[in-house]
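What follows is one structure encoded as structure tokens, with my remarks underneath.
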Amino acid sequence: MRSPLELISLLAQSAPAQTDPGSIPGLAWGFMVMGFVVGGVGVVVVIRLLGNQLVNRATSEAERILRHAEEDAATKRKEVELEAKNFALAERERLEEELKARRDEQRETEKRISKREDQIERQSAKLAEREERLDTKTADVEQREASNKQKSDELDKLIDRQKSELQAITGLSKDEAERKLLSIIEDDVRDESARLTRTLLEQAETKAVEEAREITITAMQRYASEFVAESTTRSVAIPSDDVKGRIIGREGRNIRAIEKATGADIIVDDTPGVIVVSCFDKVRQAIAVNALEKLVSDGRIHPTRVEEVVEKCRAEIEEKVEKAGKDAVLEAKLRNVSPKIVEAMGKLSFRTSYGQNVLKHSLEVAYISQIIAEMLGMDGRVARRCGFLHDIGKAMDHEMEGGHPHIGAVFAKQHGESEPVLNVIAGHHGDVPATSFYTPIIMTADALSGARPGARRESYERYVQRLEQLQGIALEHRGVEEAHAIQAGREVRVMVNAQRVNDDEAYLIAKQIASKVADEMTFPGEIKVTVLRETRAVEIAR
């Protein structure tokens, strides 16, 4: 950077030369040069002064910042030193506590070790004592074994000598004596086994009969319903013979139309005032009876009118069937029952078995089964459902081939019934083996419902035939002299020859008769077989 004097000289040199120093333009140029020089010098001076001031201010500010920084650093250093001292103090305390805890733990460990050492010492002492006693006992045992061996040798010699003496006395060899002894023991054991078996069977049968009687009586007392025996024939009242003739129609066309439309047999005989409707299908019988009653009351009887009335009565009966099924399901308190099953159960309200209404019978079996199952600790709801549906096959057995248990089981399976229910339906007459305890329960309830007095009825001829068949089965067995059916065929009394049959064989005969009766006869409830054997000693004094 150049000095002001150098700038002035440069300006003076650059100024134009004046031929006339006293001229005005040369003077003005000189003043201008001088002004520029002075102004530049002033500017330079001012800039330097301002720069010095700024430098001074920056220097002082820097010194101030430096001082503050040194002070902050000193403060921070003191704080860090204080924190370091506090941390070191805390670590020291923590380490001292850990050391103390470890020392305490070590002391506890030493105490436990000391206790264990004491226990080990005591156990060692006890073991030493036991070893001493064991050594003593071992010596005693060895001494006794030696003595026993000596006695055993003496006993063997004595037994051999006794065997020789026995063989000499009896004249039998060893094998012969053994066979004879075993034969005697075998006879005694057989007799004792027979007596024990008979005693156990008597006790078991007595207990089982008592418990079964108590359960069944309780079930019957808790549920009792009225019985109305129904018939396969129904009568329709006719006001006059003229109406009877109109029912028959010209050349029997009206009665044939009725029989064709209803599927029932219309019996018109000389009995005054009635026409008999006969049909094993109670639904068709009800349709025929209602149709006849409507035709008689209306008076218009011809084939076309017959078809109209029969169709109307069929629709009414179907409504009754559906209502009867729903009412029965509600009465039995069942849930999730298929509508097809409800319809089938409604049809049972028109079905009878030995004169007993099957739907009422199903409801009674349901409630008796529930009571028995609950008394045995089983699920009463399942038993009630099984009992209610056990005869459902009777609603369609006239439409399909096969027995009602098989038909009902197939039908129930198609409509979502569970396995216990299916087994009950298929096996409540023993057609298939029972897979649950519900099946024998329903069999018992079914027998109770059918065996109650007044529940079912049968013809006199069939009743006599059943009694004769029962007595004939009993008389077929060896040693039986007489057989009498009593209590309306609920029991058969069998008299056996006391010389040919002993007490044990009498039990066997009773079991055989009961099995054959169950296999060959069809009967409601159960039949009791009683075998009587007695020995009479008769002597006449003269």
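The values are calculated or read from the model by the stated rules, or taken from the named source; none is laboratory data. Everything numeric here is computed off the predicted structure, so don't read it as measured data. Virtual Cβ from ideal backbone geometry, glycine too; neighbours counted across all protein chains shown. Side chains are part of the model used for accessible areas, which takes the heavy atoms of the whole protein and leaves out ligands, DNA and RNA. Shrake-Rupley method; radii C 1.70, N 1.55, O 1.52, S 1.80 Å.
Identify the single condition in (1) open to solvent by 10 Å² or more (accessible area, probe 1.4 Å); (2) part of a helix (DSSP H, G or I); (3) closer than 24 Å to R284 by Cβ that E374 does not satisfy, given that it satisfies every other one.
Only one criterion is unmet by E374, namely (3).
Which residues, taken from the range 251-263, are exposed (fewer than 15 other Cβ atoms within 10 Å of the Cβ) and out of contact with any helix residue (DSSP H, G or I) (no Cβ under 8 Å at 6 or more places or on another chain)?
E251, G252, K260
Name the residue that is nearest to the chain's Cα centre (by Cα), counting only residues in the range 377-410 that are open to solvent by 30 Å² or more (accessible area, probe 1.4 Å) and touching a residue at least 60 places away in the same chain (Cβ under 8 Å).
M378
Among the residues of the range 498-519, what is the count of those that are more than 15 Å from E476 (Cβ to Cβ) and polar (S, T, N, Q)?
2
Just checking, which of G416, G355 is open to solvent by less than 50 Å² (accessible area, probe 1.4 Å), at pLDDT below 90 and at positive phi? Before you say what the answer is, go through the steps one by one.
Details: G416 fails: open to solvent by less than 50 Å² (accessible area, probe 1.4 Å).
So the residue among G416, G355 that is open to solvent by less than 50 Å² (accessible area, probe 1.4 Å), at pLDDT below 90 and at positive phi is G355.
Hey, any hits in the range 473-489 for a residue that's farther than 25 Å from R198 by Cα and among the basic types (K, R)?
Checked the range 473-489: no residue is farther than 25 Å from R198 by Cα and among the basic types (K, R).
Output the number of residues of the range 419-438 satisfying the condition of being touching a residue at least 24 places away in the same chain (Cβ under 8 Å) and closer than 23 Å to I371 by Cβ.
Result for the range 419-438: 8.
For A344, work out the one condition from (1) of a type in the set (A, V, I, L, M); (2) in contact (Cβ under 8 Å) with a residue 60 or more places away in the chain; (3) more than 18 Å from A286 (Cα to Cα) it doesn't fulfil.
(3)
Assuming G450 fulfils every condition listed in (1) within 40 Å of the chain's Cα centre (by Cα); (2) at pLDDT below 80; (3) farther than 26 Å from H361 by Cα apart from one, which condition is it?
(3)
How many residues does the range 384-421 contain that are closer than 15 Å to V337 by Cβ and assigned to a helix (DSSP H, G or I)? Full working, then the answer.
Here is the first cut: in the range 384-421, the residues closer than 15 Å to V337 by Cβ are 384-390, 392, 395, 408, 411-418, 421.
Now narrow it down to the ones that are assigned to a helix (DSSP H, G or I): 384-389, 392, 395, 408, 411-414, 421.
Selection size over the range 384-421: 14.
Condition check ((1) surrounded by 12 or more Cβ atoms within 10 Å (Cβ to Cβ); (2) under 44 Å from the mean Cα position of the chain (by Cα); (3) at pLDDT 90 or above) across all residues:
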| site | (1), (2), (3) |
| --- | --- |
| L470 | yes, yes, no |
| Q499 | no, no, no |
| Y507 | yes, yes, no |
| D519 | no, yes, no |
| E526 | yes, yes, no |
| V538 | no, no, no |
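Here is a list: I287, I266. Which entry is open to solvent by less than 40 Å² (accessible area, probe 1.4 Å) and touching a Leu at 6+ places or on another chain (Cβ under 8 Å)?
On the way: I287 fails: touching a Leu at 6+ places or on another chain (Cβ under 8 Å).
After ruling out the rest, the residue left standing is I266.
Given the structure, is R234 more than 30 Å from R385 (Cα to Cα), open to solvent by 30 Å² or more (accessible area, probe 1.4 Å) and touching a Ser or Thr at 6+ places or on another chain (Cβ under 9 Å)?
Details: more than 30 Å from R385 (Cα to Cα): yes; open to solvent by 30 Å² or more (accessible area, probe 1.4 Å): yes; touching a Ser or Thr at 6+ places or on another chain (Cβ under 9 Å): yes.
When the stated conditions are applied, R234 passes them.
Quick one: is E322 surrounded by fewer than 19 Cβ atoms within 10 Å (Cβ to Cβ) and either more than 30 Å from P339 (Cβ to Cβ) or in contact with a Gly (Cβ under 7 Å, 6 or more places away or on another chain) (or both)?
Details: surrounded by fewer than 19 Cβ atoms within 10 Å (Cβ to Cβ): yes; either more than 30 Å from P339 (Cβ to Cβ) or in contact with a Gly (Cβ under 7 Å, 6 or more places away or on another chain) (or both): yes.
Yes, satisfied.
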